[in-house]
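Trainee: Here it is: the structure, laid out below.
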Amino acid sequence: MTRALERHRERATERHKGPTSGPPSIQECSFSSTLGAEERSGSNGPSTVAPPDHAHVGLPLGRWSRVRFVNESARLHPIHLHGMFFRLLTRNDTPIDEPFFRDTVLIHAHETIDLGIVPLDEGEWMMHCHILEHAEAGMMSLLDVH
């Protein structure tokens, strides 16, 4: 395990000892179409990770959040989050018990996944599909940690 991952695990354990009082932050990001010619040219079409009027996804600093990705397309999307690690919680509502943190997850065609995140560093962090043509077509957004 890398030193950065060890530090993240230690900080997350120190700051988050079980659910916080009040409801957790829940965010949903979806992409529902295949990439067409207009999306490949860079327009902000329906393949974007977040709707155009929701360019920033807000996550509370130091609090547990559940982020859901819905892939209604027939494409694979390796989604990468900068500045934070997460745990994969479910695939198509089936619980996943992984003993490690990640910063990238592969979302299969017609799949829904849930991630558990405790963001520890304030600021704006990029979230994007790691297939460069998809990212250039608009499959990227900002995570606003505050």
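The values are calculated or read from the model by the stated rules, or taken from the named source; none is laboratory data. Keep in mind the model is a prediction, meaning the values are calculated, not measured. Note that we place each Cβ from the backbone using ideal geometry, even for glycine, and neighbour counts take in every protein chain shown.
Trainee: Could you tell me which residue of the range 62-99 is farthest from the chain's Cα centre (by Cα), considering only residues that are under 18 Å from Ile131 (Cβ atoms) and outside any strand (DSSP E or B)? Walk me through how you get there before you give the answer.
Mentor: Step one: of the range 62-99, the residues under 18 Å from Ile131 (Cβ atoms) are 69-82.
Restricting the remaining residues to those that are outside any strand (DSSP E or B) gives 72-76, 82.
Numbers: Glu72: 16, Ser73: 17, Ala74: 19, Arg75: 17, Leu76: 15, His82: 9 Å.
The qualifying residue farthest from the chain's Cα centre (by Cα) is Ala74.
Trainee: I would also like to ask the following. Would you please name the residue that is surrounded by the most Cβ atoms within 10 Å (Cβ to Cβ), looking only at residues in the range 100-120 that are assigned to a loop (DSSP other than H, G, I, E, B) and either in contact (Cβ under 8 Å) with a residue 40 or more places away in the chain or of a type in the set (A, V, I, L, M, F, W, C) (or both)?
Mentor: At the first step, the residues of the range 100-120 found to be assigned to a loop (DSSP other than H, G, I, E, B) are 100-101, 103, 108-110, 118-120.
From what is left, the residues that are either in contact (Cβ under 8 Å) with a residue 40 or more places away in the chain or of a type in the set (A, V, I, L, M, F, W, C) (or both) are 100-101, 109, 118-120.
Values: Phe100: 10, Phe101: 19, Ala109: 12, Val118: 22, Pro119: 25, Leu120: 18.
Across the range 100-120, the extreme among qualifying residues is Pro119.
Trainee: Taking the range 121-140 only, how many residues are surrounded by fewer than 20 Cβ atoms within 10 Å (Cβ to Cβ), assigned to a strand (DSSP E or B) and not aromatic (Phe, Trp, Tyr)? Give the derivation first.
Mentor: Here is the first cut: in the range 121-140, the residues surrounded by fewer than 20 Cβ atoms within 10 Å (Cβ to Cβ) are 121-126, 130-133, 135-136, 140.
Restricting the remaining residues to those that are assigned to a strand (DSSP E or B) gives 123-126, 140.
Pick out the ones that are also not aromatic (Phe, Trp, Tyr) and you get 123-124, 126, 140.
Going through the range 121-140 one residue at a time, the tally reaches 4.
Trainee: Suppose we filter the range 114-146 for residues that are in contact with an Asp or Glu (Cβ under 9 Å, 6 or more places away or on another chain) and under 15 Å from Phe86 (Cβ atoms); how many remain?
Mentor: Here the count works out to 4.
Trainee: Consider Val57 carefully, then state whether it is surrounded by 13 or more Cβ atoms within 10 Å (Cβ to Cβ) and modelled with pLDDT of 95 or more. Show your work before the answer.
Mentor: On the way: surrounded by 13 or more Cβ atoms within 10 Å (Cβ to Cβ): yes; modelled with pLDDT of 95 or more: no.
Criteria not met by Val57.
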